[in-house]
1. Kindly indicate whether Asp51 is more than 16 Å from Asp26 (Cα to Cα), of a type outside the set (Gly, Ala, Ser) and surrounded by 16 or more Cβ atoms within 10 Å (Cβ to Cβ).
2. Take region 68-89 and flag every residue that is of a type in the set (Val, Ile, Thr) and over 15 Å from the mean Cα position of the chain (by Cα).
3. Just checking, how many residues over region 29-48 are surrounded by 16 or more Cβ atoms within 10 Å (Cβ to Cβ) and closer than 19 Å to Met71 by Cα?
Amino acid sequence: MLWPPAQAADRPPRCQADVPSAIVIDCTHPPRSEPARNHNDLNVVLEIRNDLGGVDLVLTHIGHAFDAWHMQHPEALPASVSLARDGTTVRLASA
């Protein structure tokens, strides 16, 4: 695994409260059998999402292969996962 976070029960109490409600994250590659070396693939970002309790994801740095894969599999992304496109804005809640 490329990104091994502590399980929620193993996190210090402060970390349990600091799980974000959404993440903007690199997802250059479509699902791969082996993780990519320099950029995330869909399997890795969905694993991160699950490890954080199903936070919303905005995927950025989409590669051509991922874009083509997504056009053939539009149903593959959960409703809480969206693709950032040119001009996409994300509204942040104030703390």
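No value in this document is a laboratory result; all are computed from the given coordinates. Quick caveat, the model's predicted, so the values are computed rather than measured. Every residue, glycine as well, gets a Cβ built from its backbone with ideal geometry; the counts of neighbours run over all protein chains shown.
1. Numbers: more than 16 Å from Asp26 (Cα to Cα): yes; of a type outside the set (Gly, Ala, Ser): yes; surrounded by 16 or more Cβ atoms within 10 Å (Cβ to Cβ): yes.
So Asp51 passes the test.
2. Initial filter on region 68-89 (of a type in the set (Val, Ile, Thr)): 81, 88-89.
Passing the criteria: Thr88, Thr89.
3. Residues flagged as surrounded by 16 or more Cβ atoms within 10 Å (Cβ to Cβ) and closer than 19 Å to Met71 by Cα within region 29-48 amount to 8.
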